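All remarks here apply to the structure that follows.
The values are calculated or read from the model by the stated rules, or taken from the named source; none is laboratory data. The structure presented is a predicted model; accordingly, all values stated were derived computationally and were not measured. Every residue, glycine as well, gets a Cβ built from its backbone with ideal geometry; the counts of neighbours run over all protein chains shown. To get the accessible areas, we keep the full protein, side chains included, count just its heavy atoms, and leave off ligands, DNA and RNA. Shrake-Rupley method; radii C 1.70, N 1.55, O 1.52, S 1.80 Å.
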Amino acid sequence: MSRPKRRFWRRSTGALAERRRQNAAGDEFETRTVHAGQEPDVATGAVVPPITLASTFVQDAVGDHRGYEYARSANPTRAALETCVAELEGAEHGLAFASGMAAEDATLRAALDAGDHVIIPADAYGGTYRLVARLHEPAGIAWTAVDHADLDAIGGAWRDETKLVWVETPTNPLLTVVDIAAVAKLAHDRGARVVVDNTFATPYLQQPLGLGVVHSSTKYLGGHSAVVGGIVALRDAELAERIAFVQNAAGAVPGPFDCYLVLRGIKTLAVRMDRHCENARAIAVLLTEHPAVAQALYPGLPGHPGHDVARRQMRDFGGMVSFTVAAGEEAAIKLVASTRLFTLAESLGAVESLIEHPAEMTHASAAGSPLAVDPALVRLSVGIESAEDLVTDLRQALDASG
Ligand code: PLP
């Protein structure tokens, strides 16, 4: 059957609903990863979006232009990425940023005014905690960190000024699973918004019910440890407009080459995620069996407290696995330096397997705070190498750690 002709959209915002009605409604996720926002270029026929480096665009008369004026406000390569991620998340609006933190910052600024209150997860990503506690609190935003797996705790933290619940699921680094539908009901019943950090799950594994979604596209979306970026996708037109205002006014936008790299990564997202999940399962089994491990944290393990919720709201359980080392901090630090295939490095979500010590690396910013991480914890970003090789590598490091 021949495919219907796709129209070329230069701007993501506002065009998505019509485009989806026209031709994309039936596309499966894997098809959208390859094509969404990436129709052949109308000018040249190029089958991947050109990297448009221009910082400014011609106007035939004042205000008479082809959708682009100045590249901080909008850029065609960025628009392709924004359209793509919005479509993958089932959203209407996509807004790309220079990093995941820039995307988070813009979302918080747009959703909250001085005097408002936000509820964040007790084990939020350390950078999210730092952003809220060190930048937004001094600007008049109150916050409370509670265990999001405990709905009563969220209800107990509620104030008249609560305007936002910031959800992360699975969380970084403890892999707590949060019941998105239940939190959304609780928040919406009280007139507050919910934003989900979907970095660990990606839209392939989890699409949070059309709520606002943020990503560090540095991770699985980019997928190759080669780009830093962030993106917000949402249906809420009012919030999208406010975020777009921050995006343009503060200007933390990604460059066109970075957008191209993320788009290129997204094309293989589904196949990569399947492999990440398969390999993570094999690693989780090793961890549950090895005597050097005190506790294995992986939502795919039937004993994980969030396993049932994860089964309900995720397609699979992801590529991130954490564990605590029975012999404590020193053994954990020794272990992360003794793998051969797992590379000792921060970040996650790329094709190569990484290992790290959150307390002193990714989550050092939470040290001394209520969000501080157990120093015996090790976090793995399981890549797409051979599962057998990965298991062998980790087993030798665990054997040596004792
Ligand atoms: N959200 C989560 C869950 C993360 O893991 C990270 C980074 O590790 C971020 C947000 C921040 O993203 P970036 O490093 O691209 O600013």
* Is it the case that segment 156-167 has a residue that's at pLDDT 95 or above, crowded, with 18+ Cβ neighbours inside 10 Å, within 17 Å of V232 (Cα to Cα) and among the aromatic types (F, W, Y)? -> yes
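Take V62 and decide whether it is in the same structural domain as F245 (by TED's automatic domain parsing) and more than 16 Å from the ligand (Cβ to nearest atom).
Details: in the same structural domain as F245 (by TED's automatic domain parsing): yes; more than 16 Å from the ligand (Cβ to nearest atom): yes.
Yes.
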* Which residues, taken from segment 222-236, are touching a Lys or Arg at 6+ places or on another chain (Cβ under 7 Å) and among the polar types (S, T, N, Q)? -> none
* Structure fact -> Scanning segment 329-358 for residues that are open to solvent by less than 20 Å² (accessible area, probe 1.4 Å) and of a type in the set (G, A, S), the one nearest to the ligand (Cβ to nearest atom) turns out to be G349
* Name the residues in segment 83-134 that are within 11 Å of the ligand (Cβ to nearest atom), modelled with pLDDT of 95 or more, buried (at least 22 other Cβ atoms within 10 Å of the Cβ) and aliphatic (A, V, I, L, M), would you? -> A102, A103
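Scan segment 213-242 for residues that are open to solvent by less than 10 Å² (accessible area, probe 1.4 Å) and either more than 12 Å from the ligand (Cβ to nearest atom) or in a loop (DSSP other than H, G, I, E, B) (or both) and jot them down. Step through it out loud before you land on a result.
Initial filter on segment 213-242 (open to solvent by less than 10 Å² (accessible area, probe 1.4 Å)): 213-215, 217, 220-223, 229-234, 239-240.
Scanning segment 213-242 gives S217, Y220, L221, G222, G223, G229, A233, L234, L239, A240.
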* How about segment 171-211: which of its residues are without any contact (Cβ under 8 Å) to a residue 60 or more places away in the chain, among the small types (G, A, S) and open to solvent by less than 10 Å² (accessible area, probe 1.4 Å)? -> A184, A187, A192
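Determine whether segment 258-275 contains at least one residue that is hydroxyl-bearing (S, T, Y) and closer than 15 Å to R395 by Cβ. If you could, list the steps in order and put the result at the bottom.
From segment 258-275, those hydroxyl-bearing (S, T, Y) are 260, 268; that's our starting set.
Then drop every residue that is not closer than 15 Å to R395 by Cβ, which leaves none.
No.
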* Structure fact -> When restricted to H304, H276, the only residue in the same structural domain as D374 (by TED's automatic domain parsing), in a loop (DSSP other than H, G, I, E, B), in contact (Cβ under 8 Å) with a residue 40 or more places away in the chain and out of contact with any Pro (no Cβ under 9 Å at 6 or more places or on another chain) is H304
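One line per residue, one yes/no per condition, for (1) touching a Cys at 6+ places or on another chain (Cβ under 6 Å); (2) assigned to a helix (DSSP H, G or I); (3) within 24 Å of L88 (Cα to Cα):
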residue	(1), (2), (3)
T33	no, yes, yes
P40	no, no, yes
T44	no, no, no
I51	no, no, yes
A54	no, no, no
V58	no, no, no
G67	no, no, yes
* **Unique residue being part of a helix (DSSP H, G or I), farther than 19 Å from V165 by Cβ and assigned by TED's automatic domain parsing to the domain that holds A240 when the list is T107, T83, T128** => T83
* **Unmet requirement for D316, which otherwise passes all of (1) of a type outside the set (A, V, I, L, M); (2) touching a Phe, Trp or Tyr at 6+ places or on another chain (Cβ under 8 Å); (3) in a loop (DSSP other than H, G, I, E, B)** => (2)
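Within segment 339-381, how many residues turn out to be in a loop (DSSP other than H, G, I, E, B), more than 20 Å from Q295 (Cβ to Cβ) and more than 21 Å from the chain's Cα centre (by Cα)?
From segment 339-381, those in a loop (DSSP other than H, G, I, E, B) are 339-342, 345-353, 357-363, 367-376; that's our starting set.
Next, only the ones that are more than 20 Å from Q295 (Cβ to Cβ) stay: 340-341, 345-347, 349-353, 367-370.
Okay, now just the ones that are also more than 21 Å from the chain's Cα centre (by Cα), so 340-341, 367-370.
Going through segment 339-381 one residue at a time, the tally reaches 6.
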* Under 8 Å by Cβ, and 6 or more places apart or on different chains, what pairs join a residue from segment 212-224 that is within 15 Å of A86 (Cα to Cα) with one that is open to solvent by 20 Å² or more (accessible area, probe 1.4 Å) and near the ligand (Cβ under 7 Å from one of its atoms)? -> S216/S99; S216/M101
* To do: Say whether the condition of being out of contact with any Ser or Thr (no Cβ under 9 Å at 6 or more places or on another chain) and of a type in the set (F, W, Y) is met by at least one residue in segment 337-346.
  => no
